[in-house]
């Protein structure tokens, strides 16, 4: 029978939750996103747990922290995975599980004390899973506030812990009572020692008895202080008590002590603390002294004035304390929890509204009282708190309640509109539902506001009641029709399944008519029931066949149990194929679930038998999985040790990891629950090793890419500077190319990139050289043009006979020396030279000369050619600059050849720029 159990491939969409769970636990094809989707949407809790375990993500676990069925599972998993630095480590839902792993209660207490709120401390402590740890930690806690919170939290959860806390609180209360009692004893002893008369014949005996009582009281105080220290409570100050106890008086001191010490009483009143008891004590001593003799008037006046002043100051302090307490009460927040659909009574809302209005009036009255005073820091702080309380009452309480009331009124009005619509459409059921909704909404309003809507609803309710009476009259034909239809099934029966479904549908229609309301309805009820019973007889044979199916399924289940028992007894467990064993077990379980229904009388027995045999198989599988898990864990530890070995190279690490992977494949499965976490851990270790290798490669690649980017950037920066149209000659320096070339050489670049950048740099260098030459030419031609203009200006001055100042010639560097040496005599003597300069300029600029100068021009051209052949060529800039300088030295005053010279020179300068 088990040979046919493997035909259907299980799927995550299978209707059987056990199949879905098995697919989730065993599948290797599903993605993490699919597992997360199953964890969020599947209807079976166990399947969702398996999906969560497969994802094994803290973020996914955190989504279900408060889930009713998955919360405990997810909180346990998070507690296992997070460390101290994780933000969920201090979450109150996770902290108890983490603290339960601590063996030392003192360390648990230290962690608890890091939580600020006593209520949160108590919640975490009560949530600790181990009872013994809870009790041990509680024994170390002595804070009354924390103990009170633990007592509240443990009432319905841990009776032993609650009893222990109540005992500790009782002990603490007893200590407080003992403290007050001892203080009263000490005061009585001090008063007794102060009140006895030293001249009394029994003074010594009385004094001895008082001292014995005093010593006993001090001993009890010391013992109590030790216990109060344990509970971190305020100790009884022994030294002030001992200082207040009067010393024993001698006979001489007794005589002097008999006289009233008014000065001492006044001094004691001055030096005493401001309290009602000390004032009354001093006044009592004063009255006792007055019984002996009158007090001096000056001392008496001081005493009464001081006592009255202290009482006024004390009253002022009490009034301030009372006012602070009143303000503290007024600014304490009022909590308001909005009612929901499940809230039946809304009376507390309107009571809270009334209380909030009263509180608001009191707050505003207190504000006016404080504003009428002179302001100080405390008053400003009180006004600020009262303003916050006023805003809280207005915005968070009164406005919200007013909005709730408005919403209720809107819903009532809307339901009234719907009610009229239903009545007009004849939808009585929906009209009745709307009527009930309106009645429920009216009950939510305050009582004074209910009357209006109740009066509006009353006639409509009467109309609905009347219409239901008419509806009852109209239902009789429907009951008649249903009786006839069920009788038709008796006369002309359908197939068993269809017959059963039809009877069920007719029953639903019958029930929708409601209970019978008259004798005729009850007759129809009887008629219908008899016909339905007769029609159901057709289905009895079908149910008989269903019983046969149950018997067959029981037989098949018995066969599965027998097969598994034989398998368990006869299998060679010393050489077991555990994968096949697991497959046989899971397949048998899957087939078992398909064999339904079975007879309930035998279900418990056969299910118990099946659980016993499968339990034995699962225990053997579990033992094997435990061994395999231990082997895989050892392999994981081995890989981790290799990762931690700093002396091994990355290559050796990769070889050891690959060997570990091969061994992992040969170990076998460790079971679905263990396998995935182990595999995740092992895979992470392997990935870490491979990531080291990848990181080395990527780091090298990243360095090269950074160098390439840097090289391209510095070349691009130079290129941008060179190709900028407004670049000046000082900004364009050929040394920039050498600097960039040196920087590229220092960078670690691929040879291909180095060559490409050098070629690009070569092009930039050529352009730089061209731009520098162009700028130098432009600069030179500009200077030469300025020199020509200066020559013309100076010639006009010379012609007029005016003196040429250095200020005129200093505008051009070197011009002063050129014009300083020329004179009229030199010009007359150099007429031929000047003429030759003009011809040389025309030859240089390729400008035609007059016909009469053609011979002379030819001589100049021949001389120029000979000069170029013998001495090497000069640049056009150098030649024209030399001609202009010679002209400026010789051409004094108005020269008839100046226009020809300047025309030729300017044309040549224009050609240089072009």
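Coordinate-derived values only; no laboratory data. Predicted model only: the values in this text are computed from it and were never measured. So basically every Cβ, Gly included, is an ideal-geometry build from the backbone, and we count neighbours across all protein chains shown.
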**Prompt:** Once the piece of chain linking residue 340 and residue 216 is laid out straight, how much longer is it, given 0.36 nm per residue of separation minus the C-alpha distance between them?
**Reply:** 38.2 nm
**Stretch gain in nm, segment residue 611-residue 375, where the contour uses 0.36 nm per residue and the Cα spacing is subtracted** = 76.7 nm
**Message:** I'd like the FRET efficiency for residue 596 and residue 30, computed as 1/(1 + (r/R0)^6) with the beta carbon distance as r and R0 of 35 Å, rounded to 0.05.
**Reply:** 0.80
**Request:** Would you please give the FRET efficiency between residue 194 and residue 313, computed as 1/(1 + (r/R0)^6) with r the Cβ-Cβ distance and R0 = 25 Å, to the nearest 0.05?
**Result:** 0.45
**Pair residue 533, residue 329: separation of 7 Å Cα→Cβ label points (nm)** = 7.4 nm
**Request:** Give, as ranges by residue number, the residues of the range 588-620 whose backbone N falls under 16 Å from the point 7 Å along Cα→Cβ of residue 551.
**Result:** 597-603
**Message:** Using Cβ contacts closer than 10 Å as the measure, can you line up 409, 486, 12 from fewest to most?
**Reply:** 409, 12, 486
**Item:** Extension gain, residue 520 back to residue 67 (0.36 nm per residue minus Cα-Cα distance, nm)
**Value:** 157.7 nm
**Message:** So, R0 is 35 Å and r is the distance between the beta-carbons of residue 866 and residue 745; what FRET efficiency does that work out to, to 0.05?
**Reply:** 0.10
**Request:** Working from the alpha-carbon coordinates of the range 571-695, get Rg over Rh, Rh being the Kirkwood radius.
**Result:** 1.19
